[in-house]
Structures are given as structure tokens and as C-alpha cells.
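Undergrad: First, the structure itself, so that you have it in front of you.
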Amino acid sequence: LNGYVGFDTITSQINRKLILRGFQFNVMVVGPSGTGKSTLINTLFSTHIMNSSGRDNIDEPIRQTTEISVISKVIQENKVQLRLNLIDTPGYCDQINNDKCWEPIIKYIRDQHALYLRRELTAHREKNIPDTRVHCCLFFIRPTGHNLRPIDISVLKRLSEVVNVVPVIAKSDSLTIDERLAFKQQIREDIAKHGIHLYPYDLEDMDESERSLNAAVRNIIPFAVVGSEKTVMVNGKPTRGRQNRWGIVDVENENHCEFVYLRNFLIRTHLQDLIEMTACVHYERFRTKQLLALKE
Ligand code: GDP
Ligand code: MG
């Protein structure tokens, strides 16, 4: 008698359903204009999604984003479909008066939670509520080498209360090796000193391997990145890079910058976790607050 029932196929049944449905991933970029936000997004997903503000023509003014805008794009790898929403925010602190420059950004994030909650609470709840909640916020820091400004601290603090925040040092090709090391250290200290609680989070039900992966990531944050959409030749092979007068910055070379670490983290190890944590940490917090307020 063969006792095989076959319920071990449940994982492939789940897999099949998930693949058919595809995945939704919503990423927001925050930071001053001209720090390479659009370029980095295009580099991360290896396709042109966002237009750069860089000038093709010297007579053109630098294009600044003045409103929050969302760009959607579907990309596919093998059978897996990823529906991307890229949320571009106005370069905060571009204005003369930066008072509350974070408000529209926070409002956007909250609005998506509210939208989701409303659809969840309808009598005929949809099976798959469209998810516009922001799963990850890439926070761009200029490569100044100075301490974070008070405005950066207060924006980081507010953001990290409502969304998974991942800080990156923009255009890190402008820092020397020593400067980069010192700057990373300084930013980590600033973040710790001000009690800013960044993604990734360790939850109680996580096992040792997940915890150690998170710890390793925390040791790298903030990622010192370089972005480029240009293809350059390195040892006869095409790669994404920046050609300078003195040489080539190879974006995918770990000795040149930490782009590869960022991509591994966001896409290859934590994509699902970013989506999950948005639902079970940030959205849950919002939901509880709203529902308790309703009761009163
Ligand atoms: P955004 O305004 O933050 O979206 O910045 P963009 O992505 O439009 O980039 C502004 C300019 O900076 C463009 O000319 C880019 O080519 C350049 N740029 C983007 N990323 C990098 C980088 O990592 N290093 C350097 N040196 N320049 C970059
Ligand atoms: Mg841009």
C-alpha cells in the first residue's frame, strides 16, 4: 500500500496561483532633486522607467518634480510578473521655506492606507484589493560628508513611522574610500542618536537565519550607491557604469560601490518581506488607530 496522499503539492499549487496573479511592488523615492533618484530606479530595474532631470541640452533648465507623481510599469522575468509603481516626490528642501516639506509625502503614504482600509471595510469585500501602499521608501542623502541636517533627521523620523525606509548615499562616486567609510559611520550614529527605527525589522517569529541576514544588512546601511543607464565596456564586457576622465565606475562592481548590495537586499532577499512588513507593521498600525478612533 502506498500511503502517498499528495498534499505536498500544495506549495506548487500556491506557487502557480501566485505566478498567475503576479506581484505588486510600490517604491517611493525621496531626496533633493538632482541626487540621482530617477537614474537609480532605472538602474535597479534594469530598464528605463523614470526620466532623468539631467540636461541633454545646456540651455534647458533642470527639470524639477514639483508634485508627487506615480509611474507604473510591468516587468517580467521568466514567468514572474512584477507590477511596479514608482512614486516620485518633489525634491524636499528645494524650496526657500522648508517648513513641513514632508507633509505631502506623509499624506500620500497615509492616503494609500486609508484607501485600502476603505475597500477592506466594504460589505462586499474584493478578494484582491489593489495595493497602492508604499512598500519601500528610498531616502537619498547627498554625498556631503557632513552630519545629517536637522531637516533630514525630522523627515527620516516621520517617514520611518509610516513606511519601510532605506537610506542611500547618492552619487557616492564623489567620495573617497575613507570619506565614504566615515560618512556611513556618521549617518549610522545620527540615526541611532535620534532613535530612528529603520527597516528591516526583527519580529518575534523570525528565525536565526532571518535575524542574521537583517543584522548583516544593518551593517551596510546606508548603501553608498552609484547609478547609471549607460553601458560601458569593462575588460571587454558590457556593464552599467560611468565613464570619467580618470576611469570607469562600474556600478555592478562591489569594489566600486554598494549598488549590488542594495539590489540584492531590495529585490533578491527582502522584496516579499518589504511587502509583508508594510501590511503587518505600517498598515496594521494605521488600521488599528483608525478603527479605535471610530469606536469613540
Ligand atoms: P533626480 O532629480 O534625483 O531624479 O536625479 P537624476 O536621476 O535625474 O540625475 C541627475 C543627474 O545626476 C543626471 O545628470 C545623472 O546622470 C547624474 N547622476 C545620477 N546618478 C549619479 C551617480 O551615481 N553619480 C554621478 N556622478 N552622477 C549621477
Ligand atoms: Mg527624478
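Undergrad: Tell me, yes or no, whether segment 75-93 has at least one residue that is modelled with pLDDT under 95, surrounded by fewer than 11 Cβ atoms within 10 Å (Cβ to Cβ) and acidic (Asp, Glu).
TA: Among the residues of segment 75-93, at least one is modelled with pLDDT under 95, surrounded by fewer than 11 Cβ atoms within 10 Å (Cβ to Cβ) and acidic (Asp, Glu), which makes the answer yes.
Undergrad: I'd like to verify a number: residues in segment 5-42 that are small (Gly, Ala, Ser), touching a Lys or Arg at 6+ places or on another chain (Cβ under 9 Å) and more than 16 Å from ligand 1 (Cβ to nearest atom), how many?
TA: Within segment 5-42, residues that are small (Gly, Ala, Ser), touching a Lys or Arg at 6+ places or on another chain (Cβ under 9 Å) and more than 16 Å from ligand 1 (Cβ to nearest atom) number 1.
Undergrad: If we keep just the residues of segment 170-193 that are touching a residue at least 60 places away in the same chain (Cβ under 8 Å) and assigned to a helix (DSSP H, G or I), which is surrounded by the fewest Cβ atoms within 10 Å (Cβ to Cβ)?
TA: So, considering only residues that are touching a residue at least 60 places away in the same chain (Cβ under 8 Å) and assigned to a helix (DSSP H, G or I), the one surrounded by the fewest Cβ atoms within 10 Å (Cβ to Cβ) is 173.
Undergrad: Which one is nearest to ligand 2 (Cβ to nearest atom), of the residues in segment 8-40 that are charged (D, E, K, R) and closer than 22 Å to residue 79 by Cβ? Let's see the steps before the verdict.
TA: Going through segment 8-40, the residues charged (D, E, K, R) turn out to be 8, 16-17, 21, 37.
Filter once more, so that each one left must be closer than 22 Å to residue 79 by Cβ: 8, 16-17, 21.
On the way: 8: 48, 16: 38, 17: 36, 21: 30 Å.
Ranking the candidates gives 21 first.
Undergrad: Select, from 113, 135, the only residue that is more than 20 Å from residue 33 (Cα to Cα), open to solvent by less than 30 Å² (accessible area, probe 1.4 Å), under 16 Å from the mean Cα position of the chain (by Cα) and not hydroxyl-bearing (Ser, Thr, Tyr). Outline the logic, then answer.
TA: Values: 113 fails: under 16 Å from the mean Cα position of the chain (by Cα).
Going through 113, 135 in turn, just one is more than 20 Å from residue 33 (Cα to Cα), open to solvent by less than 30 Å² (accessible area, probe 1.4 Å), under 16 Å from the mean Cα position of the chain (by Cα) and not hydroxyl-bearing (Ser, Thr, Tyr): 135.
Undergrad: Are there any pairs with C-beta distances below 8 angstrom linking a residue in segment 254-278 that is closer than 17 Å to residue 201 by Cα to a residue that is open to solvent by 10 Å² or more (accessible area, probe 1.4 Å) and aromatic (Phe, Trp, Tyr), with the two at least 6 apart or on different chains, and if so which?
TA: Listed by first residue and then by second, the contacts come to 271/23; 275/23; 277/201.
Undergrad: Does residue 141 meet the test of being open to solvent by 20 Å² or more (accessible area, probe 1.4 Å) and among the aliphatic types (A, V, I, L, M)? Break it down into steps so the answer makes sense when it comes.
TA: Values: open to solvent by 20 Å² or more (accessible area, probe 1.4 Å): no; among the aliphatic types (A, V, I, L, M): yes.
In short, no.
Undergrad: If you scan segment 144-164, which residues turn out to be part of a loop (DSSP other than H, G, I, E, B), closer than 30 Å to residue 72 by Cβ and either open to solvent by 30 Å² or more (accessible area, probe 1.4 Å) or small (Gly, Ala, Ser) (or both)? Step through it out loud before you land on a result.
TA: Pass one, segment 144-164, residues part of a loop (DSSP other than H, G, I, E, B): 144-149, 161-164.
Checking the rest, the ones that are also closer than 30 Å to residue 72 by Cβ come to 161-164.
Once the filter is applied, which keeps residues that are part of a loop (DSSP other than H, G, I, E, B), closer than 30 Å to residue 72 by Cβ and either open to solvent by 30 Å² or more (accessible area, probe 1.4 Å) or small (Gly, Ala, Ser) (or both), segment 144-164 yields only 161.
Undergrad: Give the residues of segment 1-50 that are buried (at least 20 other Cβ atoms within 10 Å of the Cβ) and charged (D, E, K, R), sorted by residue number.
TA: 37 - this is the single residue of segment 1-50 that is buried (at least 20 other Cβ atoms within 10 Å of the Cβ) and charged (D, E, K, R).
Undergrad: Would you tally the residues in segment 221-235 being open to solvent by 90 Å² or more (accessible area, probe 1.4 Å) and among the aliphatic types (A, V, I, L, M)? Full working, then the answer.
TA: In the first step, residues of segment 221-235 are kept if they are open to solvent by 90 Å² or more (accessible area, probe 1.4 Å); the result is 230-231, 233, 235.
Filter once more, keeping what is among the aliphatic types (A, V, I, L, M): 233.
Residues meeting the conditions: 1.
Undergrad: Return the pair list, or none, for Cβ contacts closer than 7 Å from residues in segment 194-211 that are over 16 Å from residue 222 (Cα atoms) to residues that are assigned to a loop (DSSP other than H, G, I, E, B), at least 6 apart or on different chains.
TA: Once the first residue is over 16 Å from residue 222 (Cα atoms) and sits in segment 194-211, its partners that are assigned to a loop (DSSP other than H, G, I, E, B) give 211/202.
Undergrad: Take the residues of segment 43-65 that are modelled with pLDDT under 55 and β-branched (Val, Ile, Thr): which is farthest from ligand 1 (Cβ to nearest atom)? Spell out how you get there, then give the answer.
TA: Filtering segment 43-65 for residues modelled with pLDDT under 55 gives 55-63.
Cutting the leftovers down to β-branched (Val, Ile, Thr) gives us 58, 62.
Numbers: 58: 12, 62: 8 Å.
Residue satisfying both the conditions and the ranking: 58.
The values are calculated or read from the model by the stated rules, or taken from the named source; none is laboratory data. As the structure is a prediction and not an experimental result, all values here were calculated from the model. In this analysis, Cβ positions are derived from the backbone assuming ideal geometry, glycine residues included, and neighbour counts consider all displayed protein chains. With ligands, DNA and RNA removed, areas are computed over all heavy atoms of the protein, side chains included. Shrake-Rupley method; radii C 1.70, N 1.55, O 1.52, S 1.80 Å.
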